[in-house]
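Trainee: Next up is a structure, given as C-alpha cells.
The numbers here are math on the coordinates, done by the rules we state, and not lab data. Just so we're clear, the structure is a prediction, and the values are computed from it rather than from any experiment. For neighbour counting, all protein chains shown are included, and Cβ atoms are generated from backbone atoms with ideal geometry for every residue, glycine included.
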Amino acid sequence: MHFSSLLALALAVPALLASSQTLDAAMTGTAGRKYFGTAADPGVLSDAAVAAVAASEFGAVTPENSMKWDATEASQDTFTLDTADALVEWAQTNSKLVRGHTLVWHSQLPAWVSALTDKDALTAALENHVTTLVKHFAGKIYAWDVVNEIFNEDGTFRDSVFYNVLGVDFVALAFRAAAAADPAAKLYINDYNLDYSGPKLEALISLVNDLIAADVPIHGIGSQAHLVAGASMIDTLATPLQALADTGLEVALTELDIRVPDPADEAALAGQQGDYEAAVGACVAVEKCVGVSVWGVSDKDSWIPDTFSGYGEGLLFDDAVEKKPAYEGAMAGMGA
Ligand code: G3I
C-alpha cells in the first residue's frame with residue numbers, strides 16, 4: 001500500500017473510531033472500565049426507539065422498578081417476578097450486565113413489611129425476601145444494590161421499619177443473606193447526595209469501614225448522582241467519589257441524571273453537556289469506579305418531572321430519543 005494511502009487511513013482512524021464509538025464502547029474501550037449503563041424496564045423497552053438505543057449504546061441495565069419489594073413480594077411470601085424476569089431476559093439477549101435494584105429500601109415497600117414490629121418476624125421476612133430474589137437471579141446479576149438510601153442528610157440513620165425494629169444490624173443481615181444466595185454477585189450499598197463532603201458521606205464511609213472490619217460481604221458503593229445542572233459540586237465530583245473508593249471497595253455512579261429547568265434552551269443544554277463531561281469524567285478519574293449508569297434512556301420516560309416540578313430533560317437522549325449535547329459531553333468525559 002502506498003504511503004499516501006497509509007497516511008489517509010491513519011488520518012481517517014479517529015473519525016472512524018468516533019463514528020463507531022457507543023457510550024459503552026467508550027467506557028470499556030477508551031476509558032477501560034466495566035460498563036456504561038442505563039435504567040429501564042419492559043414498559044419503556046416496549047418503545048422500539050428506546051429499545052434500539054438501549055441495545056446499541058449501553059452495556060448494562062438496572063431495572064428501574066421491577067425488582068423492588070412492592071413489585072416482587074406485594075404479599076408475604078408470594079413472589080411476582082415475571083416483569084423482572086422479562087428485563088433480565090432482555091439483558092441476556094442483548095448481552096448487558098444487570099445491576100439488581102434494590103433489595104432493602106424504605107420506599108416502594110409493601111404495607112405488610114412496614115407493619116412488622118417483631119424483630120424475629122422482620123428478620124425472617126427480610127432474609128426470605130433477599131434470599132428468594134438473589135437466588136432466583138443468581139448468575140445473572142453483576143451487582144445488587146442490597147441496601148438503598150439508609151442515611152439522612154445529617155448522617156443519622158433514616159427512620160425505616162428495618163432500622164427502627166432491627167437497628168443497624170439489618171444492614172449486615174441483608175448483605176450476608178445476599179452473599180449466601182449468590183456468592184458471585186457484587187454487593188453494594190447505594191445512596192444519593194454523596195456528591196460532596198459532609199455528614200452523610202462521612203456516615204456512609206464510617207459504616208462501610210465497620211462492615212468491612214466485621215467481615216460483612218460488601219463489595220461496592222453506589223453514588224446515585226441525581227444532579228442539577230450548573231451545580232458547582234459537579235466539577236469536584238471526583239473528590240467524594242475517591243473518598244468512597246478509599247474504603248477499598250469498587251464504586252459506581254448508579255443513577256446519573258442532570259436535570260435542567262424545563263423547557264431547556266440551547267444555553268442550558270450546552271451547560272448540561274459540560275456537566276455530563278465533568279460527571280462522567282469524575283468516574284474515569286477514580287480508578288476504582290467501574291462504571292456509570294444514567295437513570296433512563298430518554299427524557300420522555302424520566303422520573304424527574306413528576307418529582308421536581310419545572311425540571312426535566314436530565315438524560316442523554318431527548319423526548320424523540322435523539323442524542324442531546326449531553327451525549328457528546330458524556331463521550332468527552334470518557335476521552336472518546
Ligand atoms: O406500578 C404503579 C401502577 O400500577 C400505577 O398505575 C401507577 C400510577 O399511579 O404508578 C405505578 O407505580 C409507580 C412506579 O414508579 C412504577 O412505575 C409509582 O407511582 C412511581 O412513584 C414510581 O416512581 C419511581 C420512583 O423511584 C419511586 O420512588 C421511579 O419510576 C423511579 O425512577 C425512581 O427511582 C428511584 C430509585 O429506585 C432509587 N433512587 C432514587 C430514584 C428516583 O426516585
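Trainee: Tell me the residue from ASP275, ASP306, ASP257 that is in contact (Cβ under 8 Å) with a residue 24 or more places away in the chain, under 26 Å from ALA52 (Cα atoms), of a type in the set (D, E, K, R) and within 16 Å of the ligand (Cβ to nearest atom), please.
Mentor: On the way: ASP275 fails: within 16 Å of the ligand (Cβ to nearest atom); ASP306 fails: in contact (Cβ under 8 Å) with a residue 24 or more places away in the chain.
Selected residue: ASP257, the only one of ASP275, ASP306, ASP257 that is in contact (Cβ under 8 Å) with a residue 24 or more places away in the chain, under 26 Å from ALA52 (Cα atoms), of a type in the set (D, E, K, R) and within 16 Å of the ligand (Cβ to nearest atom).
Trainee: How many residues are among the hydroxyl-bearing types (Ser, Thr, Tyr), more than 13 Å from the ligand (Cβ to nearest atom) and in contact with a Phe, Trp or Tyr (Cβ under 9 Å, 6 or more places away or on another chain) when one looks only at segment 25-45?
Mentor: 2
Trainee: Moving on. Please work out if GLU73 is in contact with a His (Cβ under 8 Å, 6 or more places away or on another chain) and away from the ligand (no atom under 13 Å from the Cβ).
Mentor: Yes, satisfied.
Trainee: Report the residue count in segment 127-149 for those that are buried (at least 20 other Cβ atoms within 10 Å of the Cβ), of a type in the set (Val, Ile, Thr) and out of contact with any strand residue (DSSP E or B) (no Cβ under 6 Å at 6 or more places or on another chain).
Mentor: Matching residues across segment 127-149 total 1.
Trainee: To continue, here is another question. Go through LYS135, LYS119 for me and flag whichever is more than 16 Å from the ligand (Cβ to nearest atom), of a type in the set (Lys, Arg), more than 19 Å from VAL290 (Cβ to Cβ) and touching an Asp or Glu at 6+ places or on another chain (Cβ under 9 Å). Explain how you work it out, then say what you get.
Mentor: Working: LYS119 fails: touching an Asp or Glu at 6+ places or on another chain (Cβ under 9 Å).
Being more than 16 Å from the ligand (Cβ to nearest atom), of a type in the set (Lys, Arg), more than 19 Å from VAL290 (Cβ to Cβ) and touching an Asp or Glu at 6+ places or on another chain (Cβ under 9 Å) holds for just one of LYS135, LYS119, which is LYS135.
Trainee: Could you check segment 95-115 and list, in sequence order, the residues that are surrounded by 14 or more Cβ atoms within 10 Å (Cβ to Cβ) and within 14 Å of ILE141 (Cα to Cα)?
Mentor: LYS96, LEU97, VAL98, ARG99, GLY100, HIS101, THR102, LEU103
Trainee: Quick one: ALA91 ticks every box in (1) in a helix (DSSP H, G or I); (2) closer than 15 Å to PRO217 by Cβ; (3) small (Gly, Ala, Ser) except a single one, so which number is it?
Mentor: (2)
Trainee: Exactly one of these conditions fails for VAL228: (1) within 16 Å of the ligand (Cβ to nearest atom); (2) surrounded by 22 or more Cβ atoms within 10 Å (Cβ to Cβ). Give me its number.
Mentor: Here VAL228 clears every test but (2).
Trainee: Now for a separate question. Which one of these does GLU73 not meet: (1) closer than 24 Å to ALA125 by Cβ; (2) without any contact (Cβ under 8 Å) to a residue 40 or more places away in the chain?
Mentor: Only one criterion is unmet by GLU73, namely (2).
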